[in-house]
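The values are calculated or read from the model by the stated rules, or taken from the named source; none is laboratory data. All of these numbers come straight from a predicted model, not from anything done at the bench. Cβ sites come from the backbone with ideal geometry, for glycine too, and all protein chains shown count toward neighbours. For accessibility, only protein heavy atoms count, side chains too; no ligands or nucleic acids. Shrake-Rupley method; radii C 1.70, N 1.55, O 1.52, S 1.80 Å.
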Amino acid sequence: MTSAAAQGGGDLLIRGATLISDGRRSEQDVLIRGERIEQIGGAPKARAGAAEIEAEGKWLLPGLIDDQVHFREPGHTHKGNIASESAAAVAGGVTSFMDMPNVSPATVTRERLAAKYAAAKGRAWGNYAFYLGATESNLAEIQALEGGEACGVKVFMGTSTGNLLVEDPAALERIFANCPVLIATHCEDSAVIERNLDKAKREHGNDIPPRAHPQIRDAECCHRSSSMAVGLARKHGAKLHVLHLTTERELELFDPVADLGVRDSITAEVCVHHLWFDDRDYERLGNRIKCNPAIKSATDRAALRKALREGRLSVIATDHAPHTLEEKSTPYASAPAGLPLVQHSLLMLLDLARAGHFTVERAVEAACHAPARLYGIAERGFLREGYFADCVLVDPEGGQNVARSSLLYKCGWSPLEGHRFRARVDKTFVNGSLVFSGGRLSGTPTGKALLCNDFNSRN
């Protein structure tokens with residue numbers, strides 16, 4: 001492949017791949033010209049000097065759009081940064097990401113929001129957007145947001161970092177009534193958590209085992225907060241997206257949404273680790289799978305898989321949240337919550353699809369199409385002529401081991417170590433440029449700021 005084609009400067013012809021997009025599979029040639037998909041099918045003719053990829057037997061998918069990551073910049077860059085974690089993302093077929101505001105200093109002003117976009121320019125391997133964090137006193141910053149300035153406003157309705165916890169009912173009312181963009185919520189009730197934590201301390205003393213985590217952050221804790229968020233959204237006509245659902249009980253709050261772009265839609269997300277692990281895995285992995293909200297029972301996991309299959313859960317994400325192994329190796333009470341996942345989320349979904357929990361087409365809908373529709377991201381998330389060429393070529397039988405030597409996370413570990421996936425990510429393209437191939441990064445970062453909240457150009 002010529003360097004010009006590899007970096008999006010010429011034509012690239014992908015021959016014979018099985019395209020999976022828009023709920024369909026079709027074996028067609030794809031011509032990429034510059035940053036965009038020029039032609040699908042119809043014997044496309046590339047210009048002189050074009051590169052070609054023979055892809056027979058492989059799948060071409062839209063790149064995943066991960067609407068919830070914590071890349072740790074600024075302030076926590078010993079765990080990860082925009083460059084390192086976006087590199088891991090494209091290695092896993094994630095071509096766009098939306099980063100959370102609980103960094104240091106927290107992203108609670110438009111000035112800090114602009115600084116994060118500036119920090120990502122030229123360093124992000126994938127396309128990027130950032131959330132503004134809500135506090136109980138920054139309503140003016142929220143109201144001043146313009147459509148493309150942030151992908152959404154993040155509201156932590158439970159224990160969180162610094163001043164990002166919003167519990168005051170009056171402050172929540174003001175945010176839901178006045179936010180001009182999508183509201184994304186972390187829903188856990190602090191009072192329930194404190195009550196359950198006191199009970200765990202009485203039972204275990206200072207040696208609380210990680211397996212107690214789903215009892216401390218239990219279904220009641222989640223449902224009480226999620227139901228409050230849904231009630232506020234309905235009252236004020238807000239566009240609400242409840243992040244990382246973990247319980248069967250919460251699913252009663254959500255119905256399949258026909259049009260994700262409407263102003264007052266109420267949607268829910270599920271994360272790959274809540275589809276993959278259950279509470280039996282704490283014995284094996286301990287704090288390495290400690291996350292908030294907690295991984296819960298096998299019954300909850302089965303309900304989440306079913307709800308995803310049926311469309312009650314609209315979006316799949318990772319909540320990628322790296323910490324060092326040293327931090328994770330401390331006792332339960334001090335071990336931080338979160339785990340690194342973005343390098344393997346696509347392969348996790350393909351393994352789950354192969355096991356029959358949902359189809360590959362449904363996974364593509366929830367991990368690629370739905371985030372584009374929900375956040376109003378123009379011309380991404382699909383394999384369509386004229387759209388940006390954000391795509392991933394997968395060998396469905398290629399096999400890929402999870403080993404530390406292949407991890408691109410700055411933290412250097414994964415809860416999936418030792419697992420062998422049936423499929424393998426062969427190549428990833430961002431804005432028409434080859435950025436990952438044959439197990440290695442390729443070229444230089446080509447990520448662009450995502451144009452979010454563009455509902456005039458509907459997908």
Original post:
With respect to the numbered conditions (1) open to solvent by less than 10 Å² (accessible area, probe 1.4 Å); (2) in contact with an Asp or Glu (Cβ under 7 Å, 6 or more places away or on another chain); (3) more than 16 Å from residue 279 (Cβ to Cβ), which one is the sole condition not fulfilled by residue 247?
Top reply: (3)
Original post:
Counting residues that are over 20 Å from residue 96 (Cα atoms), which strands (runs of 3 or more DSSP E) fully inside the range 32-86 reach at least 2?
Top reply: 36-40, 51-54
Subject >> Where a residue in the range 283-307 is in contact (Cβ under 8 Å) with a residue 40 or more places away in the chain and its partner, wherever it lies, is assigned to a helix (DSSP H, G or I) and of a type in the set (Ser, Thr, Tyr), with Cβ under 9 Å and at least six apart >> reply: 289/282; 290/282; 295/282
**OP:** Write out, first by first residue and then by second, each pair whose Cβ atoms fall under 6 Å of each other, whose residues are 6+ apart or on separate chains, and whose first residue, in the range 376-387, is buried (at least 19 other Cβ atoms within 10 Å of the Cβ) while the second is of a type in the set (Asp, Glu).
**Re:** 376/454; 378/454; 380/390; 387/379
Subject >> Residues of the range 261-274 satisfying the condition of being out of contact with any Phe, Trp or Tyr (no Cβ under 8 Å at 6 or more places or on another chain), in contact (Cβ under 8 Å) with a residue 40 or more places away in the chain and surrounded by fewer than 22 Cβ atoms within 10 Å (Cβ to Cβ) >> reply: 265
Original post:
Taking the range 429-449 on its own, how many of its residues are open to solvent by less than 10 Å² (accessible area, probe 1.4 Å) and part of a loop (DSSP other than H, G, I, E, B)?
Top reply: 2
Subject >> Residues (among the hydrophobic types (A, V, I, L, M, F, W, C) and open to solvent by 10 Å² or more (accessible area, probe 1.4 Å)) located in the range 298-315 >> reply: 298, 302, 303
**OP:** Quick one: which residue in 134, 150, 129 is within 14 Å of residue 69 (Cβ to Cβ), open to solvent by less than 10 Å² (accessible area, probe 1.4 Å) and among the aliphatic types (A, V, I, L, M)?
**Re:** 129
**OP:** Quick one: count up the residues across the range 368-399 that are part of a loop (DSSP other than H, G, I, E, B), over 25 Å from residue 314 (Cβ atoms) and charged (D, E, K, R).
**Re:** 2
Original post:
Is it fair to say residue 47 is open to solvent by 40 Å² or more (accessible area, probe 1.4 Å), over 30 Å from residue 139 (Cβ atoms), in contact with a Leu (Cβ under 9 Å, 6 or more places away or on another chain) and basic (Lys, Arg)?
Top reply: no
Original post:
Here is a list of conditions, (1) over 29 Å from residue 290 (Cβ atoms); (2) open to solvent by 10 Å² or more (accessible area, probe 1.4 Å), and residue 392 meets all of them except one; can you say which number that is?
Top reply: (2)
**OP:** Take the residues in the range 104-116 that are open to solvent by 10 Å² or more (accessible area, probe 1.4 Å) and β-branched (Val, Ile, Thr), then tell me which one is farthest from residue 401 (Cα to Cα).
**Re:** 109
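For every residue, the table says whether it meets (1) of a type in the set (Phe, Trp, Tyr); (2) closer than 27 Å to residue 445 by Cα; (3) modelled with pLDDT of 95 or more.
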position	(1), (2), (3)
100	no, yes, yes
110	no, yes, yes
113	no, yes, yes
118	no, yes, yes
124	no, yes, yes
133	no, yes, yes
140	no, no, yes
160	no, no, no
**OP:** Please work out if residue 401 is farther than 17 Å from residue 98 by Cα, of a type in the set (S, T, N, Q) and modelled with pLDDT under 95.
**Re:** no
Subject >> Sole exception among (1) assigned to a helix (DSSP H, G or I); (2) farther than 30 Å from residue 406 by Cβ; (3) in contact with a His (Cβ under 9 Å, 6 or more places away or on another chain); (4) open to solvent by less than 10 Å² (accessible area, probe 1.4 Å) for residue 155, by number >> reply: (1)
**OP:** Kindly indicate the residue of the range 222-244 that is farther than 24 Å from residue 369 by Cα and charged (D, E, K, R) and also least open to solvent (accessible area, probe 1.4 Å) among those meeting that condition.
**Re:** 224
Original post:
Any idea which residue in the range 95-113 is nearest to residue 435 (Cα to Cα), counting only those that are without any contact (Cβ under 8 Å) to a residue 60 or more places away in the chain and aliphatic (A, V, I, L, M)?
Top reply: 100
**OP:** Would you check if residue 279 is of a type outside the set (Lys, Arg), within 25 Å of the chain's Cα centre (by Cα) and buried (at least 19 other Cβ atoms within 10 Å of the Cβ)?
**Re:** yes
